[in-house]
Amino acid sequence: MAGCGYFNFMDNLIFELNQVYFSYLGRYPALCGVDIRISSGEKICIIGANGAGKSTFLQLLDALIFADKGSVCFRGKELNEKIFTDAKFSQEFRRQVGFIFQNSEVQLFCPTVKEDIVFGPLNLGFEKGLIQKRLEMLIAALNIEDLLERSPHQLSIGEKRKVAIASTLIIDPQVLILDEPTAGLDPLVTRNIIDLLIQANAEGKTIITATHDLHIVEEIADTVYVFGRQKKIVKSGPAETILTDTQLLQENNLVHIHRHKHKDKVHIHPHLHLDHHGEDA
Amino acid sequence: MKANNFIERSIVGTLAFLREAIFSQEIALQNGFLQSLDPRVKITGFLLLLLKTLIACDLHTLFFLYGICLLLVLISKVGPGFFLLRTWVFIPLFSLCIGLPALFGPGDPLWSGYFLGIKLVISSQGLFGALIFVMRVLTCVSFVVLLNITTRHFELLKVLRIFKVPQIFVMTLGMSYRYIFLFIEIIQNTYLGIKSRVGSVICYRPGQRLVAWNIVSLWNYSLLLNQEVYKAMLSRGYRGEDLAWSDFRARGRDLGWLAAVILILWII
Ligand SMILES: Nc1ncnc2c1ncn2[C@@H]1O[C@H](COP(=O)(O)OP(=O)(O)OP(=O)(O)O)[C@@H](O)[C@H]1O
Ligand SMILES: [Mg+2]
């Protein structure tokens, strides 16, 4: 058994959810019966319309909220409030699972960018030399040298996102959970981030991403899960299969409806943005 | 319309001023003498100087300390005009409230005259006391302002943490700073939002309602923000402990500063 004695590292299963229900304030249902099994080293994508429960699902995986009904297990341990009162367990879990929020605004709360980035490792008891080394690496990878001494809330949305990503990557977790990591970013930064994720996955990390951006799905997902209006998984499968299921995508608000002008006639048709280059040419 | 414009201009002006005054760190970013010091050492030195100012009771010492302050201004690339303006603003206020009555205290008469039929006598002790008082206030205010404008906001907070001020206190300070920023931002955006929809003429009443509504939504927003921020802290392993990342490094220059301060205080 590797690592601490808490977790079962023998088999590959990382997360196992059985019939999970969750509602906010007991009134607003957000997840209604989710079943999923996620193995080590997998890369998966969660897609679905606004309000389908993607963010809620991811927060449940990171044990920021707990299921009302059903069970969420991480490496064979059921996640609930009680188990997180154990400081050692909680530290070990936080070291292994990193979460990047949909709203970077909330993820940044320190006076400077630099302090924000080192907040995680400091709280998780990492060694200073190691923190410094990883910090330098991330600064280079994300090109955020100039931002370090600035106040996070005065940055642009894209800059905030980069800092938020750095603040999680510096923990170097085995499982990375990302909630819309590329929303609002320019193409080059998007590319950088996807490359980072692919590299992390190649090193054996598990990547779980929620996104609306179908362009990136194929690169960062072996398996795609579609969350439907029923607030549960309505379909899952390999990226190629899901992305070519136009009807499914259309039902879940995932295709663009375009208006085209061909000569003098305007016509409207749903339109999938996968073969970007082919179409533009 | 005219009045409206006036209000509009003054609101925008006030906001811009607030932003400038609270968030501009222009001077702190210059590379003058004080800016180059390790904030911990700098703040310690300032605390010593302030303490001395508070207990000094003769004019020479106070003049000397004020002189030191002005010298520091000059070698720290702070515009002297700007600095004097910023510190002297307070002085008339203090002198009027407390200094002036002290002038007429008991003692050897120095000057006497009639004002509105009342006989007023300025005593030499009174004059002396008032002068000391004003000098002390002036010097203290000057030191505090100087420290404030040459140190970046977060460095002050960080030093508080390093000096073991409880985190909850420091965090509240930091949060208030953030809320003021957010608040100014929201008012400005609301203002722009209204302007873009209804043009520049804003009637008083709906405007007022909008501002009130915004305060409510700001409150809700900050509540939500707090919950979410807390989750974000949890997610990165926060367990309510005080941990500060100190990368300050005291160098020869810093020791020189501290030694100089102590030497000066010892001599006078
Ligand atoms: N703090 C909250 N209080 C009450 N209801 C909430 C809260 N957060 C989310 N919900 C509700 O829970 C449901 C799922 O929300 P969630 O944020 O998980 O959706 P999402 O799939 O991430 O959407 P998006 O694509 O817009 O990010 C929604 O119906 C939403 O209204
Ligand atoms: Mg979401």
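The values are calculated or read from the model by the stated rules, or taken from the named source; none is laboratory data. In this text, all values refer to a predicted model and were calculated from it rather than measured experimentally. So basically every Cβ, Gly included, is an ideal-geometry build from the backbone, and we count neighbours across all protein chains shown. The protein model used for the area step is the full one, side chains on, heavy atoms only, and it has no ligands, DNA or RNA in it. Shrake-Rupley method; radii C 1.70, N 1.55, O 1.52, S 1.80 Å.
Figures for the structure shown
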| read-out | value |
| --- | --- |
| Within the accessible area of the range A:9-272 (1.4 Å probe), percent carbon and sulfur | 50 percent |
| Full-extension gain in nm, A:Asp222 to A:Arg27, via 0.36 nm per residue minus C-alpha separation | 66.7 nm |
| Label point distance in nm, B:Asp58-A:Asn80, each placed 7 Å from Cα along Cα→Cβ | 7.7 nm |
| For B:150-162, mean number of other protein chain Cβ atoms within 10 Å | 2 |
| 3J(HN,Hα) from dihedral phi, the range B:152-165, Karplus parametrisation 6.51/-1.76/1.60, rounded to Hz, x for glycine, proline | 6, 3, 5, 5, 4, 4, 5, 5, 4, 5, 5, 7, 6, 6 |
| FRET E, pair B:Val89, B:Gln227, Förster distance 35 Å, beta-carbon r, rounded to 0.05 | 0.30 |
| Two-site FRET efficiency, A:Ser236 against B:Asn148, from Cβ-Cβ distance with R₀ of 51 Å, rounded to 0.05 | 0.35 |
| Partner chain coverage, peptide A:118-129 - average Cβ within 10 angstrom | 4 |
| Amide H contacts under 5 Å for A:Arg150, placed H, 5+ residues apart | A:Val113, A:Lys114 |
| Using distinct alpha-carbon pairs, which all enter the 1/r mean, Kirkwood radius of the range A:9-272 in Å | 19.5 Å |
| Estimated inter-spin distance, A:Ala49 and A:Leu148, nm [label 7 Å along Cα→Cβ] | 4.7 nm |
| At least 15 Å along the helix axis (C-alpha) and Kyte average at least -1.0, DSSP helices within chain A | A:113-123, A:128-142, A:157-169, A:187-202 |
| At R0 = 41 Å, FRET efficiency that the Cβ-Cβ distance of B:Leu29 and A:Phe89 yields, to 0.05 | 0.40 |
| Estimated vicinal HN-Hα couplings, Hz - the range B:124-138 in sequence order (Karplus 6.51, -1.76, 1.60; Gly, Pro = x) | 5, 4, x, 4, 4, x, 4, 4, 4, 4, 4, 4, 5, 4, 4 |
| Per-residue [θ]222 nm for chain A (sum of -39500 (n - 2.57) over DSSP H runs n ≥ 4, rounded to 500) | -10000 deg cm²/dmol |
| Magnitude of the charge dipole, the range A:138-202, Cβ model with Lys/Arg +1 and Asp/Glu -1, debye to 20 | 60 debye |
| Test item: A:155-161 mean partner chain Cβ contacts at 10 Å | 0 |
| Inter-label distance for A:Glu127 and B:Leu173, nm, one decimal - labels placed 7 Å from Cα along Cα-to-Cβ | 3.4 nm |
| For the range B:139-148, Karplus couplings with θ = phi - 60° (6.51, -1.76, 1.60), whole Hz, Gly/Pro x | 5, 4, 4, 5, 4, 5, 4, 4, 4, 5 |
| Accessible area buried between chains B and A, both sides summed, probe 1.4 Å, in Å² to nearest 100 | 2900 Å² |
